Amino acid sequence: MMTCVDAPQEAMERAHGLHLQGELSAALALYGEMLESYPASAEIHYRRANVLKDQGSLEAAVAAYADALALKPEDTRALCNQAVVLGLRQKFPEALAGYDRAITVDPNDGLIHCNRAILLNAIGRKDAAAAAFDKAIACNAGLFSAHFGRGALLQERQHWLDSLASYDRAIALNPTDLAAQFNRATVLRQLERWADALAGYDRSLALNADFAQGHGGRALVLQTMGKLDDALASYNQAIAIDSQSAQVYFNRGTLRAERLDFAGASADFQNAIAVDPEFAEAHLNLALISLKIGDYPRGWAHYEWRWHITQGPIRNDKRTFTQPLWLGESDIAGRTLLIYGEQGLGDSLQFCRFGERLSSLGARVVLEVPRPLFSLCATLRGVSEVISHGDRLPAFDCHCPLMSLPLALGVTLETVGVEIPYLHSDPYKVAAWQERLGAKSRPRIGLTWSGSQASRSFSPRSYPLAKLISYLPDGFDYFCTQTEITAGDQATLSNFPGIRHFASELKDFSDTAALCECLDLVITVDTSIAHLNGALGKPTWVLVPYDGDWRWLTGREDSPWYPAVRLFRQTTRGDWDGVFRRVAEQLQPIRALNR
């Protein structure tokens, strides 16, 4: 067996200097010359392996570390560095075995435990990684990399407070570490500590003014704080530094859309897609902007990317059938086509209109809708069969989600219209409501002021009933046309008997449709009642927030989808009072005509 020997110190220092200076080939040559004279020097083999690792010659590095370990089996430096290289080569079991051997030699070396934790985290063994980081810190509480790694792991697992504590300890050890400062600011942003997050991003930029991610993170916080001009400036700076960040283009696009700069937003989403063609959120946002400005062909095409969004409810609504998806590419004459709702009730009401167009192409159309819409949609023209979601499906040849029908049919802004009404009230239920309401002495107005409380997306579209009441002029009979009423709104209704409400009697949308048939006007926020009344052809005033939904387009008071709908838009973000004043003004002529 060869005995380990020491190499001459002067030559070792010269080779090490070459390594530090980046002259890797020269360092390797010198170490090779030394090995000819000192083949049993574990130190030469070890240092040569380090150069090979830095050179990217990973397989040769593993072999060189093995040569060093053959001479000095308990050299934890060689064991750890070899494990690092094995990890880079994705030889994970061998890498873990190397770390375990090193820990056997020195169980109190925090750096070994830390490196092992980093590998465990990389291969998805999160619990084991967390335990290994804790062990590293127990061995060496002053080890920056262990606190940083623990913070990153906890951040990934969305344990925000624990992650913040780890980053705080890491930064106390090394306040000039850019990644730690940036990550800490990002955690503070997740905790909605906006001012602290902004200060954190500023600290990262103080370390490196050209840190594009720092400018991008700062912009996100400023955007959330409503400081849109400052946010835009930070996004611009981030892109000027790094023009290949799809995420920053996407984020700037959301800001521009918020500012109603639709051309700028569209350009940003297209830039994000150019950088990352599989960026599903960018495709979807480009679709929504395109639809909002009336570019329906581009909008419908990109809207199909909704199925690729990994977060959110849409992907969960995707149906899988053995029958093929139909998107207009083939003739459907003589075939049975299943069409079905995929999102909200309003979406089903809006897009079921295309059933008659499909029937005109020779298809037998089967419509599946949420159960509350079943009775109402049974009145739809062109549909052979209507079923409720969850019921047994009949035989069919192909299928298409309702909101993909415009793509399949090539619908443009000029061709969305159909004969109105395309849904019809039950005449027996209408008669029952007329008897229930009694003789009419004044114009009747229905009121819907909020959407489903389960949907967070309705919060900017809704308002408390109490905000509206003071603007409602006398001379009208008011009726509640929504079924979900909060405790606060219930208290308002109790204190304002001038609004009649029948929530317990509105069992499904056919009941609501029959009530609406007895009213002269419905005033509603952007919710399913707007689509219901629009489909019935009844006069409807829809109150639209500043950044309204795409289906109401932009900059207009009418809707090509519903001829009887009139739009009242916020002119300032969040300003419902201005909308209520305009509504009250427009009600005055109606009251005058009915005196």
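The shape of the range 162-232 comes out oblate: with a ≥ b ≥ c from the C-alpha gyration tensor, a/c is at least 1.5 while a/b does not beat b/c. Looking at the chain, the DSSP beta bridges with both ends there are about 5 percent antiparallel.
In the list [x] 0.99; [y] 1.02; [z] 1.14, the label attached to Rg/Rh (Cα atoms, Kirkwood Rh) as derived from the coordinates here is [z].
Annotation: lysines with alpha-carbon distance below 30 angstrom to Lys440 (same-chain offsets under eight excluded): Lys429, Lys467, Lys507, Lys538.
Of all lysines in the structure, the ones whose alpha carbon falls short of 20 Å from that of Lys126, not counting any fewer than 8 places away in one chain, are Lys91, Lys135.
Give me the orientation-averaged projected area of the Cα convex hull of the range 427-593, in nm², one decimal.
Average projection, Cα convex hull of the range 427-593: 9.5 nm².
First select every other residue whose beta carbon is under 12 angstrom from the beta carbon of Leu30; then total the charges, Lys and Arg +1, Asp and Glu -1. Residues near Leu30 contribute -2 overall. The residue among Thr176, Ser384, Tyr471 whose Cα reaches farthest toward the positive pole of the charge dipole of the chain, with charges on the beta-carbon of Lys, Arg, Asp and Glu, is Tyr471. Think of the chain as a dipole: +1 on every Lys or Arg Cβ, -1 on every Asp or Glu Cβ, centred on the Cα centre; then among Thr572, Phe269, Trp194, Thr572 lies furthest on the positive end.
Give me the net charge for the shell around Gln181: Cβ to Cβ below 14 angstrom, other residues only, Lys and Arg +1, Asp and Glu -1.
+1
Loop-resident trypsin sites (Lys or Arg not before Pro) (DSSP state other than H, G, I, E or B) in the range 312-382 with no more than 13 further Cβ atoms inside 10 Å of their Cβ: Lys318, Arg319. Couplings for the range 430-443, taken from phi via the Karplus curve 6.51 cos²θ - 1.76 cosθ + 1.60 with θ = phi - 60°, read 4, 4, 5, 5, 4, 5, 5, 7, x, 5, 8, 10, 9, x Hz in order; Gly and Pro are left as x. For the chain, the residue among Gln213, Ala136, Ala535 whose Cα projects farthest onto the positive side of the dipole built from Cβ charges is Ala535. In summary, the aspartates and glutamates within cross-link reach of Lys72, defined as a Cα separation below 16 angstrom excluding same-chain residues under 8 places away, comprise Asp6, Glu43, Asp106. Once C-alpha pairs closer than 8 Å and six or more residues apart are averaged by separation and normalised to the residue number of the range 336-415, the relative contact order reads 39 percent. Exposure here means at most 14 other Cβ atoms within 10 Å; with GluC sites (Glu not before Pro) in a DSSP loop as sites, the longest stretch of the chain lacking them is 75-191. Dividing the mean sequence gap of close Cα pairs (under 8 Å, 6+ apart) by how many residues the range 427-593 holds gives a relative contact order of 23 percent.
Just so you know, all these numbers are worked out from the coordinates, no wet-lab data involved. Since the structure is predicted, the reported quantities are computational estimates derived from the model, not experimental observations. Cβ coordinates were reconstructed from backbone atoms using ideal geometry, including for glycine residues, and neighbour counts include every protein chain displayed.
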